[in-house]
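Student: Let me begin by handing over the structure; questions about it come next.
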Amino acid sequence: MRVVAAFVWAVAGAAWAVEEGGVGSLYDQHFPPLHPNCTQSLTDLLLLRQELQLRELKEAGEVSAGILKEILTEIRSLLARNRTSAASCPSNFRKFGETCLHLAKDTDLTWEAARLFCQDLGGDLAVFLDANALADALAYTKGSGLPPTANVWAGGSDLSAEGEWRWVSGEAMPRGTPFWGDFNYIREPVGTPGENCAILHGLDGFLIHDAPCAWKCKPLCQMTYV
């Protein structure tokens, strides 16, 4: 990684030193001067300029195909990371990892109504595709000041088929720890008829439990970056 990065800047510096006459610059063809009010990322522009100049060097036979491929892969990775870091959440959401969360701690709704509530905000009930996402949600929920007796809706249910728990995004919900809590020393979901929606159960450290969808709980909404 360090070797590639050093080579990127070395090649870029050399390329900048090359006079831009002659054949003509791909950068100048595709990226005219920016208006002063343009908010495009300077980092993106610099990296894009490097990529185009490296292609010019390749066309001139000054960089081998293997080295060029490695450098361009690194540049594209840097561009992707830069765009992700610039992403933001709406003001009523908080950024956690690669998602935005909003806990409506003053609102109590049924599961279906909670979904509509979150959809009106531009998202849906929260899903946790891995343990890191769950840890972020638990930290947020526990730090929100909710009493330990509170319950929070998550975006999971077995409404479509009894016993087949799925997220509202379509993925199968994981089973066991660290996702599901236990009730009377039995691991959830216990499969009780009528308990078809997923809550973060306050009395069990806000781990996932199955519960009646008609309960009134607080929506935990989720949306992607904007």
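The values are calculated or read from the model by the stated rules, or taken from the named source; none is laboratory data. What you see is a predicted model, and the numbers here were worked out from it, not measured in a lab. When we count neighbours, we look across all protein chains shown, and the Cβ atoms used for this are built from the backbone with ideal geometry, even at glycine.
Student: For residues that are among the polar types (S, T, N, Q) and assigned to a loop (DSSP other than H, G, I, E, B), scanning just segment 99-120, find the one that is surrounded by the fewest Cβ atoms within 10 Å (Cβ to Cβ).
Tutor: At the first step, the residues of segment 99-120 found to be among the polar types (S, T, N, Q) are 99, 107, 110, 119.
Now restrict to residues that are assigned to a loop (DSSP other than H, G, I, E, B): 107, 110.
Numbers: THR107: 13, THR110: 16.
Looking at the filtered set, the residue picked out is THR107.
Student: When segment 121-130 is examined, which residues are found to be crowded, with 21+ Cβ neighbours inside 10 Å and either outside any loop (DSSP other than H, G, I, E, B) or of a type in the set (A, V, I, L, M) (or both)?
Tutor: LEU125, ALA126, VAL127
Student: What strands (runs of 3 or more DSSP E), lying completely within segment 131-226, carry at least 3 residues that are modelled with pLDDT under 95 and surrounded by fewer than 19 Cβ atoms within 10 Å (Cβ to Cβ)?
Tutor: Here the list is empty.
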